[in-house]
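First comes the structure, then the notes that go with it.
Where a number appears in this text, it was derived from the coordinates with a stated rule and is not lab data. Please read these numbers as outputs of a predicted model, since none were measured by experiment. Cβ sites come from the backbone with ideal geometry, for glycine too, and all protein chains shown count toward neighbours.
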Amino acid sequence: MSKCKSFLPSVNKNSKILILGSMPGVKSLEAQEYYAHPQNRFWKVMGFLCNCPDLSGFEYQKKLETLLNNGFALWDVIKTCKRKGSLDSDITDEIPNDILGLLKQYKNLKIVILNGNKAYSALKKHIPQVFQEYQCFKMPSTSPANACFRLEDLCKEWQKTLKSSV
C-alpha cells in the first residue's frame, strides 16, 4: 500500500466550475499530470465540452490552459491517502483537500462537478457543507474502470448537466 498525494489545484479568477476527482491514479501520479492514463476519457470529454476535439492530444499545460480559458477549475477531493494500485475502492486513510478554502478564495466558483462516486462520497463525508452552499453534481466517472459508459454517453451526460446548471 503506497501513500498518495494529490496535486495543487488548477484554477484562476475566471473559473466558474470546479471539477473534483477523488485522487490521481498511479499513471497520473507518475506523470504528475491529472488524468494521465491513456484510457481515461476525461480529456476527451473536456475537449467536447470546450469545443476543442483535439484536446486529449495537447501537451499537459495546454490542456490545463484550455480548461481555465473555458471557465473550469480542476482539483481532487482527497489530499492524501493510502492505496494499492489506482482503484478508488482501495483508498484508505483519506485526508481531504481544503475545498471550502478554495471556493471561498475564488468567488466565481459556483458549481462543483464530482467526477465519479468516490469524489462524491469523499466530499459528502468530509465537507458536506459544500452541498448546501454550492450547486453540486455527481457525474459518471471518466475512468476506464467505468466501462458501462461509452465516450459518447459521457459527453452527453456531462453536457446536459452543465447546460442545465449555467
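F58: net charge of surrounding residues, Cβ under 14 Å, Lys/Arg +1, Asp/Glu -1, itself excluded?
-1
If you average the sequence gap of Cα pairs under 8 Å that are 6 or more apart and divide by the length of the chain, what percent do you get for the contact order?
30 percent.
By the gyration tensor of its Cα atoms, with a ≥ b ≥ c the square roots of the eigenvalues, what is the shape of segment 1-101: rounded for a/c under 1.5, prolate for a/b over b/c, or oblate?
oblate
Could you tell me what percent of the DSSP beta bridges with both partners in the chain are antiparallel, to the nearest 5?
Given both bridge residues lie in the chain, the antiparallel proportion sits at roughly 35 percent.
Straight-line reach only, C-alpha to C-alpha below 27 angstrom: list the lysines that K107 could link to, leaving out same-chain residues fewer than 8 apart.
Result set, ordered by chain and number: K5, K13, K16, K62, K63, K79, K118, K124, K125, K138, K160, K163.
For segment 105-138 and segment 60-91, what is the separation of their C-alpha centers, rounded to whole Å?
One Cα centre to the other: 14 Å.
Among L55, L114, L20, determine the one that fluctuates most according to a GNM of the chain built with springs between C-alpha atoms less than 10 Å apart.
It is L55.
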